Every structure is written in C-alpha cells, then in structure tokens.
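Read the structure below first, then the notes.
No lab work stands behind these numbers, since they all come straight from the coordinates. A quick note: this is a predicted structure, and the numbers were derived from the prediction, not measured. FYI the Cβ positions are ideal-geometry reconstructions off the backbone, even for glycines, and counts take in every protein chain you see.
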Amino acid sequence: MEIYLLRHAIAENGRPGLKDSDRALTDQGREKLRRVLKRAKAADVNPSVMLSSPYRRAIETAEIAAESLGYRGKIVQTPALVPNAAPQQVWDEIRNRRDETAILLSSHEPLTSATLALLLANPALLVDMKKAGLARVDCDRFGPEPRATLKWFLTPAIAGD
C-alpha cells in the first residue's frame, strides 16, 4: 500500500470567537498546496481512499487534494487524524483499510510527523513536516507494529512554481 501523509496547508490565525477546528485555509496556503499537489499528480499519486481530520483546514486540504489528483470517492472524516490523536490510532485506521492500494491522510502537526516516524519503525525520529508537506511511504505488512519504507518527501519549497 502507498500511504500519503499530507499536512494541512497554511490556515488563518486563531482569534477570539473562532474555534481552532473552524480555522480555514488562506489563499497563500491554497496556492502552496496546489504546487505540491501538481508535483504529486506528476508522480502518479492516485489514492484509492482519502481520510481527513474533521477540522476545517484539513477537510479543505483534502478537498483540494481530491480535485487536484482526480479522486472521485468520498473523503472519510475520522477523529483519528485530529492534532492530539495518537499515531497508533492512525495506524489502526490504515490497517482497517489494508485492501486499499493507496491511502491519503490529511492531518495536522504534531500528529503527521509522529505518524511518519511510527510508520518508519522509529518513533523517536524527528521529522519537520511543513504545512502542505506530503510524504509517501510504502507498506506491505499490517501487523500490530508498522514497518514502512520512505519513498519521498515533498514540501512547497521543493515543489517550486
């Protein structure tokens, strides 16, 4: 299975009266995300299922990813992808979908980098997951402990114009 970890793009700052879960993407965030997804499309990223945190900025990120990558399925919202969830919860979501060929997860920090470290069988690994960053790992074993292989990592700066 190809596993794509996508951190949400730049979101508006918090302000009084605005719940953290309701923060929307900024125009700059959308533009940087589209650059990353253009490169992802060129790399034949083709998720068979997409999961998202229920937070607005992650949903908007997943919707742009679906549009950019030609994904026609439903974006499944799961609390396993909220910022303070545990990486093991994400692994359980992945394991429940082990028959999929490719899964894209739209989430937040610190969960995205912690999940990437867990998937690479090194929970202590420090990963700097930039906003709108996208990582691909491949996994063919779905036991209790993940063991995936990092294939590539894409940031908005690397994606360029």
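For A9, the criteria (1) part of a loop (DSSP other than H, G, I, E, B); (2) touching a Leu at 6+ places or on another chain (Cβ under 9 Å); (3) closer than 21 Å to D138 by Cα hold in every case but one, which is (3).
D99 meets all of the listed conditions (1) over 26 Å from Q28 (Cα atoms); (2) in contact with a strand residue (DSSP E or B) (Cβ under 6 Å, 6 or more places away or on another chain); (3) among the charged types (D, E, K, R) but one, namely (2). Scanning region 13-30 for residues that are touching a Lys or Arg at 6+ places or on another chain (Cβ under 7 Å), loosely packed, with under 15 Cβ neighbours inside 10 Å and in contact (Cβ under 8 Å) with a residue 12 or more places away in the chain turns up S21, D22, A24.
Checking each residue of region 131-153 against the condition of being under 14 Å from R7 (Cβ atoms), without any contact (Cβ under 8 Å) to a residue 40 or more places away in the chain and of a type in the set (D, E) gives no match. If you check N84 against the conditions, is it more than 14 Å from T115 (Cβ to Cβ) and among the polar types (S, T, N, Q)? Answer is no for this residue. Residues that are surrounded by 20 or more Cβ atoms within 10 Å (Cβ to Cβ) and not charged (D, E, K, R) within region 128-139 comprise M129, A132, G133, L134, A135, V137, listed in sequence order. Any idea which residue in region 59-68 is farthest from A24 (Cα to Cα), counting only those that are touching a helix residue (DSSP H, G or I) at 6+ places or on another chain (Cβ under 7 Å) and crowded, with 18+ Cβ neighbours inside 10 Å? Among those that are touching a helix residue (DSSP H, G or I) at 6+ places or on another chain (Cβ under 7 Å) and crowded, with 18+ Cβ neighbours inside 10 Å, it is A65.
Restricting the search to region 37-48, which residues are in contact with a Lys or Arg (Cβ under 9 Å, 6 or more places away or on another chain) and either of a type outside the set (G, A, S) or surrounded by fewer than 17 Cβ atoms within 10 Å (Cβ to Cβ) (or both)? Within region 37-48, A43, V45, S48 meet the criteria.
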